[in-house]
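One structure is given here, and the rest of the page talks about it.
The values are calculated or read from the model by the stated rules, or taken from the named source; none is laboratory data. Since the structure is predicted, the reported quantities are computational estimates derived from the model, not experimental observations. So basically every Cβ, Gly included, is an ideal-geometry build from the backbone, and we count neighbours across all protein chains shown. Note: accessible area is taken over every heavy atom of the protein model, side chains too, but ligands, DNA and RNA are not part of it. Shrake-Rupley method; radii C 1.70, N 1.55, O 1.52, S 1.80 Å.
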Amino acid sequence: MGSRLRRLFVGYRDYLIIGVPVAAMLALAVVFDLSERIRALVHPYEAWQLDEIVPAFFLAGLLSMGLLVCRTRILRRELRLRRHAEREANQLARHDALTGLANRRTLIAHLDAQIRHGAPETELSVLMFDLDRFKPINDTYGHGGGDAMLRTIADRLALLVGDAGLVARMGGDEFACVLVHPPEAELPAEIAEAILAAVARPVQLRGGLAEISASVGLVTCPSGTSSAEAMLRDADFAMSRAKRSGRSTWCRFVPEMEAEMRERAQLELDMHAGIHRGEFVPWFQPIVTLTGGEVVGFEALARWRHPTRGLIAPNVFIPIAEDAGMIQDLGFAVLRRACTEARMWPQHLTLSVNISPLQLNDAWLPERILQVLCTTGFPAGRLIVEITENRLVQDIEAARAILLSLKSAGIQIALDDFGTGYASLKHLRELQFNRIKIDRAFVQNMRADDNGQIVRAILSLSEGLGLPVTAEGVESGESAELLAGLGCEYGQGFLYSQPVEAETALAMAHDAHLGEPVAATDGDHAPGDAGARYGT
């Protein structure tokens, strides 16, 4: 009851300020009969019209008092709005608008204050982490779903860290945390593990249950021994190492990482220029019939001829290209060169190219490939696009739309690394692949009981579906004989040839027969062909 009266008083305070004095004056006028006294006072001065002037002044005073009260109310409301705007501006300046966490500016100021004024017997830890493959969440659930995911993750992080440190959103899907703890404490490692577990819990979004993971980088320094900028940079180095280690993990910074990351940054800069200078070229590995050794086509593999470092292997530059968003430009630059070289081969030979998983996120991929074919004049029917089984399962609907568009244009589709993922028979039937490639891991260890049975099962399945099979990693005559005996038609591997340059591939194409293994020149085999062929 008392609070209601207080609110009522505050709401009508300005009216009471003017109303109470007026009521008091009227009461006094009644009690002391002021009207008669005023009439008696002004009667001798009738000529002066005081009986009109005095009430006029009285009314003017009341009116002025009313205007003053109204103006006071307006000024008070404007002051409240200004204070509210200042609070909002301060909130926006210090906190992230979407998640409510501290922003980058606030975290840096907090970290700098801890470095300058923290207790000497304490240590500071910075954890930098971002969400792995956050873009598919936006693509699948829309930007509203992505925002909901970020808010949920932010709430979990704030609850997890609590008063132990400060959590901030650095921008996009990147977060950071500053911890103050005793020396040699296990708290930072425990928080890193807890962050991975908290992020990995499914998030209910409109349209389904979404799962995601994080990569965490950790750096620890005694108070006063570093700078905020250096600690954030080192934590970012460690986070990048965690991503390259397979994601959904955390990594502690060590000094050797700095030199490695500087080297990586320099390679990234060189790649931007190298793509436009034509330094990325295709090398070719033949695909042959296992029974006769006749060449039926080539798979193109990317190589980087660096002007000062020499030949750089794909397992070095492909991850950099994917992380830096250059995989599209690199892939199409090499594809264009490969199609140009392949035009000079006999017309029955095919050209196989392996598409990066990131390239399959591009809905315009079929149009871009067709543009390359039109520009180079290479027939669509001789091009084979290889897609890895794992990528197919990750986003079956997106892969379906792209693959059907490619098939409609006459391009053949091969399911690469078959047996390493979880593609179902339904996927094989619906997507109508033209051929299957057995992963080299099974071929190179066929003597093992499990691998031999898997190869037999794949060949039996492909025969039932009417799909030709190419075995990768054929490195011995014994493997070739076993595969041929099981009904495998085609093989690819060092038994026949390592990847070779375009001139050697042209000679092999016209020779059309590799009955004996072809020796490779120095540098023909670059490490990483087994797992990093993307873009070519």
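Of all residues in the range 496-527, those being in a loop (DSSP other than H, G, I, E, B), buried (at least 18 other Cβ atoms within 10 Å of the Cβ) and at pLDDT 90 or above number 4.
Listed here are the residues, each with its yes/no results for (1) loosely packed, with under 14 Cβ neighbours inside 10 Å; (2) out of contact with any helix residue (DSSP H, G or I) (no Cβ under 9 Å at 6 or more places or on another chain); (3) of a type in the set (A, V, I, L, M).
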residue	(1), (2), (3)
A85	yes, yes, yes
A97	yes, no, yes
Q114	no, no, no
G118	no, yes, no
G146	no, no, no
D155	no, yes, no
G165	no, no, no
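Can you work out which of the residues in the range 131-141 that are in contact (Cβ under 8 Å) with a residue 60 or more places away in the chain and not aromatic (F, W, Y) is surrounded by the fewest Cβ atoms within 10 Å (Cβ to Cβ)? Per the stated criteria, the residue is K135. The numbered conditions (1) open to solvent by less than 40 Å² (accessible area, probe 1.4 Å); (2) at pLDDT 80 or above; (3) under 28 Å from the mean Cα position of the chain (by Cα); (4) under 23 Å from P468 (Cα atoms) are all true for L383 except (3). Scanning the range 413-444 for residues that are open to solvent by 40 Å² or more (accessible area, probe 1.4 Å) and either at pLDDT 85 or above or among the β-branched types (V, I, T) (or both) gives T420, N434, R435, R440.
When restricted to residues that are outside any loop (DSSP other than H, G, I, E, B) and under 23 Å from E263 (Cβ atoms), the range 222-238 contains 10.
Hey, which of the strands (runs of 3 or more DSSP E) in the range 167-221, taking only ones fully inside, have at least 2 residues that are touching a helix residue (DSSP H, G or I) at 6+ places or on another chain (Cβ under 8 Å), hydrophobic (A, V, I, L, M, F, W, C) and open to solvent by less than 20 Å² (accessible area, probe 1.4 Å)?
Details: elements: 174-181, 203-205, 208-210.
Counting at least 2 such residues, we get 174-181, 203-205.
To keep it simple, each residue is scored yes or no on (1) of a type in the set (K, R); (2) over 19 Å from I195 (Cα atoms); (3) modelled with pLDDT under 80; (4) not in a helix (DSSP H, G or I).
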{"position": "R73", "(1), (2), (3), (4)": "yes, yes, yes, no"}
{"position": "L98", "(1), (2), (3), (4)": "no, yes, no, yes"}
{"position": "L107", "(1), (2), (3), (4)": "no, no, no, no"}
{"position": "D112", "(1), (2), (3), (4)": "no, yes, no, no"}
{"position": "A119", "(1), (2), (3), (4)": "no, yes, yes, yes"}
{"position": "G142", "(1), (2), (3), (4)": "no, yes, no, no"}
{"position": "L150", "(1), (2), (3), (4)": "no, no, no, no"}
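For the range 246-273, the tally of residues that are part of a loop (DSSP other than H, G, I, E, B) and open to solvent by less than 80 Å² (accessible area, probe 1.4 Å) stands at 5. With a requirement of 2 or more residues that are open to solvent by less than 10 Å² (accessible area, probe 1.4 Å) and touching a strand residue (DSSP E or B) at 6+ places or on another chain (Cβ under 6 Å), the strands (runs of 3 or more DSSP E) lying completely within the range 290-358 that satisfy it span 295-306, 350-354. E78: loosely packed, with under 13 Cβ neighbours inside 10 Å, acidic (D, E) and at pLDDT below 70, yes or no? No; evaluated as a whole, the condition is false for this residue.
Could you grab me the full set of residues in the range 463-495 that are of a type in the set (A, V, I, L, M) and assigned to a helix (DSSP H, G or I)? Show your work before the answer.
Our first condition is that a residue be of a type in the set (A, V, I, L, M); within the range 463-495, this holds for 465, 467, 469, 471, 474, 480, 482-484, 486, 495.
Those that are of a type in the set (A, V, I, L, M) and assigned to a helix (DSSP H, G or I): L465, A480, L482, L483, A484.
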